[in-house]
Structure formats: C-alpha cells, structure tokens
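The values are calculated or read from the model by the stated rules, or taken from the named source; none is laboratory data. The shown structure was predicted, so the numbers you read here are calculated from the model rather than taken from an experiment. Virtual Cβ from ideal backbone geometry, glycine too; neighbours counted across all protein chains shown. SASA here: full protein model, heavy atoms, side chains in, ligands and nucleic acids out. Shrake-Rupley method; radii C 1.70, N 1.55, O 1.52, S 1.80 Å.
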Amino acid sequence: MELDTESAIGALLHMLARACPDSFGVTSISISLRFINPVLIPGEGLYVDVDFGCAATIREMGPSPDTPRSSDFFVGRIEFLARVFFCIGKAVDATQLQADGRLSIVIAAVVIELCVSVEDDGQDDSVWDVSVQRADAGHLPAQAIACVPDGSGVRFLVDSESRSSFYG
C-alpha cells in the first residue's frame, strides 16, 4: 500500500525512535544497518533493519557542507563505513524524511543520509527500506517502509505483513 510522506515519516519515527545501531552488513551493491529498538515492544529489543543500495553519506550535524564528496562509489563507501562504525551503541535522536526520498537519521552528533539520485530511477526495487525483523510483531502499525523511484519522483510503500508484498 502506498503512503503519503507524512504517514511514512510517522511510521519511520515509530520504528527508529530510540533505536541503537548494533551492526552492519555490506554486499557488492548494498548496505544493511541493523538497529535494536527497545521501545517497540516494551521489555524486548526488536531488530530494525535499514537496507539500502542508494548513495549514503555521514556527516557532522549542521548544514550540509559545500565540499564535494568523492565521486568514486567505493571511496565514498569506505568513508561511510569507517564513520558509521562509531555510531554503534548510540541512540537515534531524530529521523527526517523528505518528499524526494532523502532519509536522514540523526545519531549523537552525526547525520546519516540516504539520498535517492537520478541513477536510482528506473529500478523495480526499493532504493532503501526500513523493516522490523520479528514474525510476531504484526500488531505494529507498520513493519516495513520502502522508498521506490517511479520516474517522476519516489513512492513510499508500507508493508504491515511481509516484505515480499512490496513487489508482488
């Protein structure tokens, strides 16, 4: 089901509120950040995964710098991973979502930004998705949110049952 930006923001805030980065995984074309959220179900720490194949940056709080970032994908990835490691164990302070698909996660004094770009257009899959990893978390308002480019922008899709229904 498609969500408007405001509803997607609410769902993301719910899933990531007070969550702490726990680990990350890397493949040739994607990164997965795993968070532990201690407040979704009181007394239990649920995993919330943020998976993405789009461009990502990590920077200090404040306005975005005008300094150019590396245009080399792998150099940018190395810089990102080196800095995201130091976020492990610190709580998410804020989550922001723009209508263009830019997702910002504020942790301590840094901002992790997932940025949808022209290169992402034309993909059938999401460029990023955030999902709760627990089979019996069905009572949550949303278990997964995905950002999918559609040629003229992005769409936010919600899945309250299983991730497979995003694309089926």
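Worth pointing out:
Conditions tested, residue by residue: (1) open to solvent by less than 60 Å² (accessible area, probe 1.4 Å); (2) at negative phi; (3) at pLDDT below 90.
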site	(1), (2), (3)
GLU6	no, yes, no
PHE35	yes, yes, no
GLY45	yes, yes, yes
SER71	no, yes, yes
LYS90	no, yes, no
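- Qualifying residue in the range 64-84 (condition: of a type in the set (A, V, I, L, M, F, W, C) and touching an Asp or Glu at 6+ places or on another chain (Cβ under 8 Å)): no
- Residue that is nearest to GLY89 (Cα to Cα) [pool: residues in the range 13-33 that are among the polar types (S, T, N, Q) and open to solvent by 70 Å² or more (accessible area, probe 1.4 Å)]: THR27
Listed here are the residues, each with its yes/no results for (1) surrounded by fewer than 22 Cβ atoms within 10 Å (Cβ to Cβ); (2) modelled with pLDDT of 90 or more; (3) at positive phi.
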{"position": "VAL110", "(1), (2), (3)": "yes, yes, no"}
{"position": "VAL116", "(1), (2), (3)": "no, no, no"}
{"position": "VAL130", "(1), (2), (3)": "no, yes, no"}
{"position": "HIS139", "(1), (2), (3)": "yes, no, no"}
{"position": "CYS147", "(1), (2), (3)": "no, yes, no"}
{"position": "LEU157", "(1), (2), (3)": "yes, yes, no"}
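- Residue list for the range 1-36, filter: farther than 15 Å from LEU103 by Cβ and assigned to a strand (DSSP E or B): GLU2, CYS20, ASP22, SER23, PHE24, GLY25, VAL26, ARG34, ILE36
- Filtering ARG134, ARG77, ARG163 for residues that are open to solvent by less than 50 Å² (accessible area, probe 1.4 Å) and modelled with pLDDT under 90 leaves a single hit, ARG77.
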